[in-house]
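First comes the structure, then the notes that go with it.
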Amino acid sequence: MNLHSLTERVAGRAARYDESGDFPEDDFADLREAGLLGLMTPRHLGGAGASFAEYTDVAVRLGSGSGATALIFNMHASVTGAFAHTPDDLVRQFGGAETFFAFRDRVLKAAAEGALYAVAMSERGIGSRLSQVRTSYERTNSGFRLHGAKTFVSGAGHADAYLVAARDNASEEPKISYFLVPAGPGVEVQRTWDSLGMRATGSHDLHLDTEVGEDALVGGIEGAALLLAQVMPQWLVASYAAVYVGVAQAVLRHGAEHLRERGLHTLPMVRARLGRADVQVAAAELVVRKAARLVTDDPGSPETNRWVWRAKLTAGDTAAGVAFSVLEAAGAAATRRGHPLERLYRDARCGALQPATSDVCADWLGAAALGDDPDEARW
């Protein structure tokens, strides 16, 4: 199954999953069959060995079919991509354990075989600010005990394991570490997701009271989460951007279809709206693809990271603005439940709200432009 036909199948189910709010099981069956859960897994472990730029290509296409499915896929790719793309030398430089590499390869091989991973970072009242995480961990004789609650966990209840950010209970300073926590006893899903848009992501709450082995500590490194977020922010910030470029492209496509069907395409003001929307979406795609190329070619550099934040800000704001303008041009008929533009408007509106939000991105970029440290306030 090629990516074009896969996107068409996903698009054909988007309305049904949006209405029910159910996890898109059929979509992920197709993603598994197409080998896309192993997109970021290196070839020698059975995957496609994709770069960040190649991931962006796939995410844009999936986002144009179903934003919700693309977002769940994005979270999975964030885990597998971070594992696959973090250089071995960087892990060792941070003091990582040699045993981590065998664990990493098992995780990536499992993804190529169909395992699904999710991200559990955000918490109620603090959002995605890593330094404020309240979920805690403590050492045990055989590993670590984790306790806490996460929110906005896309794919909750359907993932095989969750990337969890947690705080060392014994440390006075913010010592935040990442753990890959298998689904199972002590990892409970609370069904809380009933949202404006992206309704099929199943982003429920996750409650943790579980013990994991030593190898669950990502990299074998305690306290590395904040530093990794600053050095390589692309999977926490820019990977969303490609999804919302795809959503904005779908707005253009369905908007043009609706305007022609209603005979509104002959009105100069309507054509002007669509023309401006076309330019805005094209510009957002250029920014997102530039960021993706830089992440692929020069990850972690100050210039690359600035484009990472630009990409998230541009994609989120563009999707929301274009969806509003095209819906307004289409008229009240397009606001009825079940109309593609009504669903896409709700999905597009979520882009600027997802971490890092547009205001946070703009603040980060403003601090960078002023010569200040933009990461100090962000994480």
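The values are calculated or read from the model by the stated rules, or taken from the named source; none is laboratory data. All values derive from a computational prediction rather than experimental measurement. No Cβ is skipped: glycine too gets one built from the backbone with ideal geometry, and neighbour counts run over all protein chains shown. Accessible surface areas use protein heavy atoms only, side chains included; no ligands, DNA or RNA. Shrake-Rupley method; radii C 1.70, N 1.55, O 1.52, S 1.80 Å.
What percent of all Cα-Cα pairs in segment 239-379 falls into each 10 Å bin, going from 0 up to the bin containing the maximum distance?
13, 38, 28, 15, 6, 0
Run through every distinct alpha carbon pair of segment 71-206 and return the Kirkwood hydrodynamic radius in angstroms, one decimal place.
Over segment 71-206, the inverse of the mean reciprocal pair distance is 15.8 Å.
Given N residues in segment 56-140, what is its alpha carbon radius of gyration divided by 2.2 N^0.38 Å?
Computed over Cα atoms of segment 56-140, the ratio equals 1.32.
Which of Val322, Ala356, Ala170 sits farthest toward the positive end of the charge dipole of the chain, with +1 on the Cβ of Lys and Arg and -1 on the Cβ of Asp and Glu?
Farthest towards the positive end: Val322.
Any chance you could give the angle, 0 to 90 degrees and rounded to 10, that helix 52-65 forms with the longest Cα principal axis of the chain?
Roughly 50 degrees between the two axes.
For the chain, what does -39500 (n - 2.57) per DSSP helix run (n ≥ 4), summed and divided by total residues, give at 222 nm, in deg cm²/dmol to the nearest 500?
-17000 deg cm²/dmol
Accessible surface of Asp372 in the full protein assembly, 1.4 angstrom probe, to the nearest 10 Å²?
That residue has around 90 Å² of solvent-accessible surface.
Where does segment 1-105 land on Rg(C-alpha)/(2.2 N^0.38 Å)?
Dividing the Cα radius of gyration by 2.2 N^0.38 Å gives 1.21.
Taking Rh as the Kirkwood radius, which is the inverse of the mean 1/r over Cα pairs, what is the Rg/Rh value for segment 238-277?
When Rh is taken as the Kirkwood radius, the ratio is 1.11.
Most mobile of Val270, Val245, Val189 per a Gaussian network model of the chain (Cα springs, under 10 Å)?
Largest GNM mean-square fluctuation: Val270.
Scaled to the compact-protein estimate 2.2 N^0.38 Å, what is the alpha-carbon radius of gyration of segment 166-284, rounded to two decimal places?
1.66
Let's see if you can work this out: charge +1 on each Lys and Arg Cβ, -1 on each Asp and Glu Cβ, no other charges. What is the dipole magnitude of segment 246-291 about its Cα centre, in debye to the nearest 20?
The calculated dipole for segment 246-291 is roughly 100 debye.
Just to verify a number: FRET efficiency for Met1 and Glu257, C-beta to C-beta distance, R0 = 30 Å, to 0.05? Write down the numbers at each step before the final one.
Details: r = 25 Å, r/R0 = 0.82.
In this case the efficiency is close to 0.75.
In square angstrom, rounded to the nearest 10, how much accessible surface does Arg336 have for a 1.4 Å probe?
Using a 1.4 Å probe on the heavy atoms, I get roughly 150 Å².
Report the accessible area of Glu25, computed with a 1.4 Å probe over the heavy atoms of all protein chains in place, in Å² rounded to the nearest 10.
100 Å²
At 20 °C and a viscosity of 1.002 mPa s, what translational diffusion coefficient does Stokes-Einstein give for segment 205-257, taking Rh as the Kirkwood radius over Cα pairs? Give it in µm²/s as a whole number.
144 µm²/s
Among Leu37, Trp235, Ser64, flag the residue with its Cα farthest along the positive direction of the charge dipole of the chain, charges on Cβ as +1 for Lys/Arg and -1 for Asp/Glu.
Farthest along the dipole direction, towards plus: Ser64.
Any idea what the dipole of the chain comes to, in debye rounded to 20, about its Cα centre with Lys/Arg Cβ at +1 and Asp/Glu Cβ at -1?
Approximately 1220 debye in magnitude.
Tell me, rounded to the nearest percent, the portion of alpha carbon pairs in the chain spaced more than 30 Å apart.
36 percent
What percentage of the solvent-accessible surface of the chain, computed with a 1.4 Å probe over protein heavy atoms, is contributed by carbon and sulfur atoms?
Percent of accessible area from carbon and sulfur atoms in the chain: 51.
Taking the Cα-to-Cβ direction at Ser136 and at Arg43 and moving 7 Å from each Cα, how far apart do the two end points lie in nm?
Here the answer is 4.9 nm between the modelled labels.
Over the chain, what is the relative contact order in percent, taking alpha-carbon pairs closer than 8 angstrom and at least six residues apart?
17 percent
In the chain, if the dipole is taken from +1 on Lys/Arg beta carbons and -1 on Asp/Glu beta carbons about the Cα centre, which of Met269, Gly371, Gly219 is farthest to the positive end?
Among Met269, Gly371, Gly219, the one farthest towards the positive end of the dipole of the chain is Met269.
Take segment 265-336, drop everything but the C-alpha atoms, weight them equally and run the Debye formula without solvent; then report log10 I(q)/I(0) at 0.21, 0.23, 0.28 Å⁻¹ to two decimals.
Here the Debye-derived log intensity ratios amount to -0.83, -0.92, -1.15.
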